[in-house]
């Protein structure tokens, strides 16, 4: 399973908001500039995150986005499912060989477990520990 730019950049937005949690709204422009990403693309990604209730938008001259919950309560799995859809390494049917189907289910469950046990706070703390350059969003 390969996470697309939607999932990777979505996690980037959420990590930026988690890193500044409690400090007020953060503009997408500042996130885009800091991470050398397209502001327009980030605008497209933040809409489903807002609709899902993970972020709130604040209007005004000093507006932007904030997390709607504490970083410890939002998982990477929450973000990935919203932006990428269900977590599944392959599409399979009930007609598939039971041994292969069991393998795909175990892979899916392992990936989901890692994503669901990793919170935004974990990712920010990992980044703050100075190992951000070695961290990759690939699974």
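Within the range 1-24, the only residue that satisfies the criterion of being without any contact (Cβ under 8 Å) to a residue 60 or more places away in the chain, in contact with a helix residue (DSSP H, G or I) (Cβ under 9 Å, 6 or more places away or on another chain) and outside any helix (DSSP H, G or I) is 21. If you filter the range 65-77 down to residues that are surrounded by fewer than 15 Cβ atoms within 10 Å (Cβ to Cβ) and touching a helix residue (DSSP H, G or I) at 6+ places or on another chain (Cβ under 8 Å), you find that the one that is farthest from residue 43 (Cα to Cα) is 72. One residue stands out among those in the range 113-139 that are at pLDDT 65 or above and in contact with a helix residue (DSSP H, G or I) (Cβ under 6 Å, 6 or more places away or on another chain): the one that is farthest from residue 76 (Cα to Cα), which is 124. Taken together, the residues in the range 78-107 that are within 25 Å of residue 51 (Cβ to Cβ), at pLDDT 90 or above and surrounded by 15 or more Cβ atoms within 10 Å (Cβ to Cβ) amount to 7. The residues of the range 26-64 that are out of contact with any strand residue (DSSP E or B) (no Cβ under 7 Å at 6 or more places or on another chain), surrounded by 18 or more Cβ atoms within 10 Å (Cβ to Cβ) and either free of Cβ contacts under 8 Å to residues at least 12 places away in the same chain or farther than 12 Å from residue 14 by Cα (or both), listed by number, are 32, 37.
Which is in a loop (DSSP other than H, G, I, E, B) and in contact (Cβ under 8 Å) with a residue 12 or more places away in the chain, of 79, 90? Among 79, 90, only 90 is in a loop (DSSP other than H, G, I, E, B) and in contact (Cβ under 8 Å) with a residue 12 or more places away in the chain. Evaluation of residue 69 against the conditions (1) in contact (Cβ under 8 Å) with a residue 12 or more places away in the chain; (2) outside any loop (DSSP other than H, G, I, E, B) shows that the sole unmet condition is (2).
The values are calculated or read from the model by the stated rules, or taken from the named source; none is laboratory data. Predicted, not measured: the structure shown is a model, and the values here were computed from it. Cβ sites come from the backbone with ideal geometry, for glycine too, and all protein chains shown count toward neighbours.
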